[in-house]
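> Encoded as structure tokens, here's the structure I'll be asking about.
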There are 2 protein chains.
Amino acid sequence: MADLAARLSEIVTPEHVLTGDAISDDYAHDEALTATPQVPAAVVRPGTTGEVSGVLRVANEQRVPVTARGNGTGLSGAAVPATKGAIVVSFERMNEIIEIDTENHVAVVEPGVSLSQLDEALASHRLVYPVYPGEYSASLGGNVATNAGGMRAVKYGVTRHQVLGLEAVLASGEVIRTGGKFVKATTGYDLTQLIIGSEGSLALVTEAVLKLYPRPEHQATVMAPFPTLDEVTGAVPKIVASGIGPLVLEYIDMLTMAAITAHVGLDLGVPQEIRDRALAYLVVMMENAHAERLDEDVQALSEQLSELGAIDVYVLPPQAATQLVDAREKAFWVAKANGADDIVDVVVPRAAVPEFMAKVSELAQTHQSLVAGCGHAGDGNVHLSVFQADPEQRYKVMRGLFEVGMSLGGAISGEHGIGKEKKRYFLELENPVKVELMRRIKQAFDPNGILNPGTLLD
Amino acid sequence: MADLAARLSEIVTPEHVLTGDAISDDYAHDEALTATPQVPAAVVRPGTTGEVSGVLRVANEQRVPVTARGNGTGLSGAAVPATKGAIVVSFERMNEIIEIDTENHVAVVEPGVSLSQLDEALASHRLVYPVYPGEYSASLGGNVATNAGGMRAVKYGVTRHQVLGLEAVLASGEVIRTGGKFVKATTGYDLTQLIIGSEGSLALVTEAVLKLYPRPEHQATVMAPFPTLDEVTGAVPKIVASGIGPLVLEYIDMLTMAAITAHVGLDLGVPQEIRDRALAYLVVMMENAHAERLDEDVQALSEQLSELGAIDVYVLPPQAATQLVDAREKAFWVAKANGADDIVDVVVPRAAVPEFMAKVSELAQTHQSLVAGCGHAGDGNVHLSVFQADPEQRYKVMRGLFEVGMSLGGAISGEHGIGKEKKRYFLELENPVKVELMRRIKQAFDPNGILNPGTLLD
């Protein structure tokens, strides 16, 4: 270990190699509810791609596990060090926005840049990076590693759709560049897309080329209480089909709405008698460069919502809308504060959400658990909190949820990733032919298995 | 060979195994200008995924090269059989649209379905699959294999952005399903994206889940002649930044415009004195669900084009617009008819197109070649025809074009692929670390190297 620390110090200077008590608790965990913290042998804070390369060369030579860390906001334990002998490569110093290219509409960023930092820099250019996974302190590197999604995916897609190119360091220390400032390419296998969502297990990203969009100036938020969850989720495909192109299309169940509005002290002005009848809410945000077009679309949507069975339709004042979206984004923290034992973010085809939710209710009853949530209804990504203290019962509920989701044509995780915490379910439920193929791909990138072992695959 | 044919006949019935004179010339080539036709040992026409699996099991066991074929419209030789001992798996019988799911906005198709067949089926649902790579007789399987792009990529992205999931058969004959009817997923490595664009070298796709969009009812086409090509390509980033969201944004140089309009006998009503001054044309198509919004956008665009230096601005009548786009799509055939020796589809950052074009002119002069073209200006994808009969000179021009494109941050092919015909350039110019990594990925999928050997990698 002393030898390793010395080697690493030569690369990043001793100031940026932390060992022993100098390692703060933060480096031992991410935000996964269930992960066991693990203090690593060392934390390394490289400042350049060359330094990342040097660190990986040493780690590869000495067969030391390496876990990459952005801002540590992940929800699946992928940033938890694999073992006490592992090193954490923290990208906190590589936090520069290298370029905002207004002609090509791309930003080039280092992995430690946070979403809020990027958004602030883009505002004055009237451009936007549209991925909005809820936690704005998250780093772009972490977003790339988990293929972060969020509320706006129904309009813009997820991180995968915004990343045009990467600079990445392989386990060997070799540096590659993939893609570039363009959308089209058929020039070999798409390494960009393969690295995105690989949770730090294939390569360490040191630079990302991100697609930007004109920033629409006008936004509106419509909220509609419905008598049943079924009616909410059933309305979603029809709203998408209408062609208004919503920016956000969320459902929030009654329990979650009560909890998140109470959490931030928000009064949306819904009369008590309507609240009593509403089992679920639909929240639709729209944006447009033209105020009058937005008004027309709000009008059309409101009429459609009434036809689809909404008890009432509220066009929220801007401040209340912002507060509601912020509150929705804090649903995870509210669930955590309320003692949720685990969370899931199953994705299913959006038209299958009602059936999925019905089966979730059955599962919760069978295993005497409470399951509540809200979800990105527009893209079938359902966020549920599972309240069940007994680990065996909880395992059954969780596995049941994943099985039901997969049987409806869905997948275990829409955006949180598999990490360490859902690996057991993934390996149990995924087609073994695919798992074996993924292992061979992992081997092609990282023959010594130093990159984030224990995450995703064994 | 007799044994192989017998084994294959057991799987697909003798009727669907062609050998000897029964193999039509079509199976020996695609549309690449430079590829040498190669008659295969056998053509197999499976009707089901199970049959594809059976064929690959036999081929893998006997180490027989397998080249997949859709409708043979490729431009890089990827569908040309590797050797005279190879078998072609033709997907002509697997041409069923399995499902049009109007709630989830997806179509599930077999690989032999053509773009025109799908478009016809979608029209009555008021949905659209937006990839428009020019050749509407192309198969979806071929589109997936080459990550087909085309004119509408500036608005919708390319095939990669529309394919949500696949069924694919590995070289071993094992069948996997990837992705599904959803946009979000972080559940293991993205095999869907890795297989897309791999030109038949990683797996054979037997089903694709495609994203659909509401079909906007109104379209308008604006054409503007400019005094210089520089002004056209320089205008493009500004039009994109305006936020009007063009569907198509093409430049056509003077030579190409004259050739393609003459080819189809199209008179766009541009007075001779303006034609004399116009070195290049910009063509912008827009679409909208609302006729009045479209009119407003056309008005705003026309004003912007005048400010950007257009000599004049023409809003084309629908029929002329359709004819012009059709003519533009036939540019390849016109180039072929005019004796072009090769074609390239380099992609560069869109703001780098003027610099790229300037360097192309220099290269053409240096090597006494004629290079003319048109391009998807909105996404930096430049299509050029190279007229140079001497192979050595032509190699220098081609390699020079690719080097210049790459030095500007671009890539060798935006949408045609590497295939067999650009492999030499790809292997010479690409970072060897990436090429080696791709070889290891290939090995992970296809340890015996039976899938499309000679394409992309050696």
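> Looking only at segment B:162-181, how many residues end up being free of Cβ contacts under 8 Å to residues at least 60 places away in the same chain and either in a loop (DSSP other than H, G, I, E, B) or facing another protein chain (nearest Cβ under 9 Å) (or both)?
6
> Can I ask one more? Taking segment B:422-450, which residues are more than 13 Å from every other protein chain (Cβ to nearest Cβ) and not in a helix (DSSP H, G or I)?
B:N448, B:G449, B:I450
> Within segment A:290-325, track down each residue that is open to solvent by 60 Å² or more (accessible area, probe 1.4 Å) and within 30 Å of the chain's Cα centre (by Cα).
A:V315, A:P317, A:P318, A:Q319, A:T322, A:Q323
> Okay, next question. Could you pull out the residue among A:I239, A:I343, A:I274 that is of a type in the set (A, V, I, L, M) and within 20 Å of A:Y132 (Cα to Cα)?
Only one candidate passes the filter, namely A:I343.
> Which is touching a helix residue (DSSP H, G or I) at 6+ places or on another chain (Cβ under 8 Å) and within 24 Å of B:K155 (Cβ to Cβ), of A:V248, A:V264, A:V222, A:V232?
A:V248
> Here's something else I'd like to know. Within segment A:355-372, work out how many residues are outside any helix (DSSP H, G or I) and touching a helix residue (DSSP H, G or I) at 6+ places or on another chain (Cβ under 6 Å).
Matching residues across segment A:355-372 total 4.
> Among the numbered criteria (1) facing chain B (nearest Cβ under 9 Å); (2) at negative phi; (3) among the charged types (D, E, K, R); (4) open to solvent by less than 30 Å² (accessible area, probe 1.4 Å), which one does A:E199 miss?
Every condition holds for A:E199 apart from (2).
> OK, next. So which of A:V154, A:V169, A:V163, A:V248 is open to solvent by less than 10 Å² (accessible area, probe 1.4 Å) and either under 30 Å from A:L370 (Cβ atoms) or of a type in the set (D, E, K, R) (or both)?
From the options A:V154, A:V169, A:V163, A:V248, the qualifying one is A:V248.
> For segment A:90-120, how many residues meet the condition of being of a type in the set (D, E, K, R), surrounded by fewer than 17 Cβ atoms within 10 Å (Cβ to Cβ) and within 14 Å of another protein chain (Cβ to nearest Cβ)?
2
> Taking B:Y395 and the conditions (1) surrounded by 15 or more Cβ atoms within 10 Å (Cβ to Cβ); (2) touching a strand residue (DSSP E or B) at 6+ places or on another chain (Cβ under 8 Å), which numbered condition does it fall short on, given that it satisfies the others?
(2)
> I'm checking my understanding of the structure. Among residues of segment B:378-405 that are aromatic (F, W, Y) and either part of a strand (DSSP E or B) or more than 14 Å from every other protein chain (Cβ to nearest Cβ) (or both), which one is farthest from B:S242 (Cα to Cα)?
B:Y395
> Looking at segment A:328-354, which of its residues are open to solvent by 40 Å² or more (accessible area, probe 1.4 Å) and not in a loop (DSSP other than H, G, I, E, B)?
Within segment A:328-354, A:W333, A:K336, A:A337 meet the criteria.
> I would also like to ask the following. Going by the structure shown, is B:P246 farther than 30 Å from A:Y189 by Cβ, at pLDDT 90 or above and within 10 Å of another protein chain (Cβ to nearest Cβ)? I'd like the intermediate steps shown before the answer.
On the way: farther than 30 Å from A:Y189 by Cβ: yes; at pLDDT 90 or above: yes; within 10 Å of another protein chain (Cβ to nearest Cβ): no.
For B:P246, the condition - farther than 30 Å from A:Y189 by Cβ, at pLDDT 90 or above and within 10 Å of another protein chain (Cβ to nearest Cβ) - is not met.
> Just give me the residues in segment A:345-402 being of a type in the set (A, V, I, L, M, F, W, C), modelled with pLDDT under 95 and under 18 Å from the mean Cα position of the chain (by Cα), in sequence order.
Selection gives A:C374, A:A377, A:V382, A:L384.
> Could you count how many residues in segment B:121-145 are open to solvent by 30 Å² or more (accessible area, probe 1.4 Å), out of contact with any strand residue (DSSP E or B) (no Cβ under 8 Å at 6 or more places or on another chain) and either outside any helix (DSSP H, G or I) or within 14 Å of chain A (Cβ to nearest Cβ) (or both)?
The total comes to 2.
> When the residues of segment B:208-239 are narrowed to those that are more than 9 Å from every other protein chain (Cβ to nearest Cβ) and of a type in the set (S, T, Y), which ends up most open to solvent (accessible area, probe 1.4 Å)?
Per the stated criteria, the residue is B:T228.
The values are calculated or read from the model by the stated rules, or taken from the named source; none is laboratory data. All values reported here derive from a predicted model rather than from experimental measurement. Backbone-built Cβ (ideal geometry, glycine too); neighbour counts: all protein chains shown. These area figures cover heavy atoms from the full protein model, side chains too; ligands, DNA and RNA do not enter into them. Shrake-Rupley method; radii C 1.70, N 1.55, O 1.52, S 1.80 Å.
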